[in-house]
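Below: one structure, written as structure tokens.
Just so it is clear, none of the values below were taken in a lab; they were calculated from the coordinates. In this text, all values refer to a predicted model and were calculated from it rather than measured experimentally. Don't worry about glycine lacking a Cβ; one is built from the backbone with ideal geometry, like all the others, and counts go over all protein chains shown.
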Amino acid sequence: MVTTDPAPDEPPPPHDRRRLVLVTGAAGRVGTALRPYLRERYDLRLHDRVAAPDPRQGESVVVSDLADYGAVLAATRGVDAVLHLACVHGLELRFDDSVPTNVTGTMNVLEAMRTAGVTRHVYASSHHVLGAHSSVGLTQEEAADLDLAPDAAYGLGKAFGELASRLYAQRYGIKTMLIRIGNADPQVGDGRSLRMWTSARDLAQLVAIGLDDDRVVCDVVYGVSRSPAPLFANPRATELGYRPVDDAGDNLAPGFIPYHAMPPELGRDHVGGAYAVRDLPVKESQ
């Protein structure tokens, strides 16, 4: 009998049984938006510092802090994969305030995966790992291939998370997808976001590829839907079968601000927008 591998651009077939996925940050905006799509395919263990609301069939809720390694390990035992969404963010975020969740919490998740023998991981990174770069005149290929240049404490934490995830992928064989999410608001607010917006439906498609496709080793992809003026090329996602179905141009917010009308404080000419032009918050004295 002759068998053939699936074509490179075909999505992987679903696994024979419903797998259990730990979702950190499940009570947040992105986690809440992804849940309806993901629970069609997986059972979900919803982890956050507050209870994720309205659990449905196949969903269970765990409340604990990512800074507590013992609690993270307990939440990780018995799962088949981890979707690590949890983070703290904001223009006024100080580095010291980001450490418990964005640094220690990420290391706790990775170490818990190693200890519990979990070998599939999707890390929700961000375009803010490239945020300090100017976006003026970049081709899509150039933008997607920029060196890491975080724009503030949030982007710095995400860049750390990418590197830490790569460490565990390479040392311990954890199949990892790093998704650099663009703008995940429900609607597109301005001309900069138009270039990198993602719908929850498209982002869930990428997450499923990261959790299911055995071709994933430690891959960087961009969490973006279709756009009339895309900032990032996304060749690896395309190779893995990603086919976005939503278009940023069809999802403009009522108060949409065109690119040319964006005020300077929104940082239209930087990959990271306002994060790249706002002064870093001053460290609090001890």
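General remarks:
- With the convex hull drawn around the C-alpha atoms of segment 204-248, the volume per residue stands at 68 Å³.
- Three-way shape label, the chain, alpha-carbon gyration tensor, a/c 1.5: oblate
- Compactness relative to 2.2 N^0.38 Å, alpha carbon Rg of segment 39-172: 1.15
- All-pairs alpha carbon distance profile, segment 133-181, 10 Å steps from 0, percent: 23, 43, 28, 6
- Shape of segment 164-230, Cα gyration tensor, a/c cut at 1.5: prolate
- Intensity falloff of segment 145-277 expressed as log10 I(q)/I(0), Debye formula with alpha-carbon point scatterers, at q = 0.12, 0.13, 0.21 Å⁻¹: -0.50, -0.58, -1.30
- Rel. contact order, % - alpha carbon contacts under 8 angstrom, at least six apart, segment 129-286: 30 percent
- A simple count of charges around Ala200, restricted to other residues whose Cβ falls under 15 Å of its Cβ and scoring Lys, Arg +1 and Asp, Glu -1, yields 0.
- Protection proxy ranking of 264-271, 157-164 - average other beta-carbon atoms within 10 Å, highest first: 157-164, 264-271
- Once you reduce segment 186-228 and segment 255-279 to the center of their Cα atoms, the two points are 21 Å from each other.
- Here the contact order of the chain, divided by its residue count and restricted to Cα pairs under 8 Å and six or more residues apart, works out to 19 percent.
- A cut-off under 15 angstrom between Cβ atoms defines the neighbours of Arg226, and their net charge, with Lys, Arg +1 and Asp, Glu -1, is -1.
- Across segment 199-286, Cα-Cα pairs farther apart than 23 Å form 43% of the total.
- Label-point separation in nm, Glu111 to Arg243, each point 7 Å along Cα→Cβ: 4.4 nm
- Counting only DSSP H runs of at least 4 residues, each contributing -39500 (n - 2.57), and dividing by the residue count of the chain, the helix-based mean residue ellipticity at 222 nm comes to -8000 deg cm²/dmol.
- Estimated inter-spin distance, Arg17 and Asp145, nm [label 7 Å along Cα→Cβ]: 4.4 nm
- Multiplying the residue separation of Arg29 and Arg94 by 0.36 nm and removing their Cα-Cα distance gives an extension gain of 21.3 nm.
- Near the amide H of Val61, within less than 5 Å, lie the amide hydrogens of Leu46, all on another chain or at least 5 residues away, with H placed in the peptide plane.
- Relative contact order (%) - criterion: Cα under 8 Å, at least six apart; region: segment 130-197: 21 percent
- Amide hydrogen neighbours beyond the local backbone of Asp190, cut-off 5 Å, H modeled: Ile257
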